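Visitor: There's a structure below that I have some questions on.
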Amino acid sequence: MKKNLTNFIATIFIALLLSQILPWWSIMLAAFLTAIVFPLKKSAVFFIPFIAIALFWMIYAFWLSSTNDFTLAKKIAVLFPLEGNPYLLILITGVIGGLAAGIAAIFGKQCASLVKSSKA
């Protein structure tokens with residue numbers, strides 16, 4: 001449980017720092033690095049970074065959109081079959097970011113186990 005929480009907080013913190021200087025894929029780098037440094041077991045390897053980044057992106061998107069009364073989010077939501085619902089767009093944004101982070105974390109775990117097995 002403690003490793004899960006540590007990985008969760010570290011993923012959000014590193015993603016927050018890296019997102020200031022790198023493009024959107026910085027969340028994948030954050031999940032990759034935390035999967036190597038704080039190894040998790042079984043399905044937690046995917047779900048902990050998934051939830052961390054999904055939450056991070058949804059809160060960040062909500063914060064950015066609320067400052068302009070969701071004007072851009074409403075216009076983008078019209079382009080998709082969301083009927084102009086900006087909250088659904090924010091949810092989908094979080095899920096896509098979470099999927100990217102979860103897959104990157106699985107890759108990080110596999111790379112760490114590959115390096116560990118080659119040393120032995």
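Visitor: Starting from the Cα gyration tensor of the chain, multiply each eigenvalue by 5, take the square root, and state the resulting semi-axes largest first in whole Å.
Guide: Gyration-tensor ellipsoid for the chain: 31, 13, 12 Å.
Visitor: Using the number of other C-beta atoms within 10 angstrom as an exposure proxy, rank W25, W63 with the fewest first.
Guide: Ordered from fewest to most neighbouring Cβ atoms within 10 Å, W25, W63 come out as W63, W25.
Visitor: Expressed in nm to one decimal, what extension gain is obtained for the pair K41 and L88 from 0.36 nm per residue of sequence separation less their Cα-Cα distance?
Guide: Fully extending the segment from K41 to L88 adds 13.8 nm.
Visitor: For G84, enumerate residues with amide H under 5 Å from its amide H, sequence gap 5+ or separate chain, H modeled in the peptide plane.
Guide: Those qualifying (amide H under 5 Å, at least 5 residues apart or on another chain) are V78.
Visitor: Residues with amide H under 5 Å of L40's amide H, sequence separation 5 or more or different chain, H placed in the peptide plane at 1.01 Å from N; which?
Guide: none
Visitor: Here's something else I'd like to know. Which of M58, M28 comes first, and how do the rest follow, when ranked by fewest Cβ neighbours within 10 Å?
Guide: Ranked by crowding around the Cβ, least crowded first: M58, M28.
Visitor: At what distance in angstrom do the alpha carbon centres of the stretch 5-38 and the stretch 48-116 lie from each other?
Guide: One Cα centre to the other: 14 Å.
Visitor: Next up: Ordered by residue, what ³J(HN,Hα) values in Hz, to whole numbers, does the stretch 88-103 give under the Karplus form 6.51 cos²θ - 1.76 cosθ + 1.60, where θ = phi - 60° and Gly and Pro are x?
Guide: So the J values, rounded to whole Hz, are 5, 5, 5, 5, 5, 4, x, 5, 5, x, x, 4, 4, 5, x, 5.
Visitor: Turning to a different aspect of this structure: Give the cross-link partners of K116 among the lysines, using a straight C-alpha distance below 28 Å as the criterion and excluding same-chain residues fewer than 8 apart.
Guide: In chain and number order, the partners are K2, K3, K41, K42.
Visitor: Order of F8, F62 from fewest to most other C-beta atoms within 10 Å?
Guide: Ranking F8, F62 by Cβ neighbours within 10 Å, fewest first, gives F62, F8.
Just so you know, all these numbers are worked out from the coordinates, no wet-lab data involved. Note that the structure is a prediction, hence the values are computed from the model and not measured. A quick note on method: Cβ atoms are made from the backbone with ideal geometry, for glycine too, and the neighbour counts reach across all protein chains shown.
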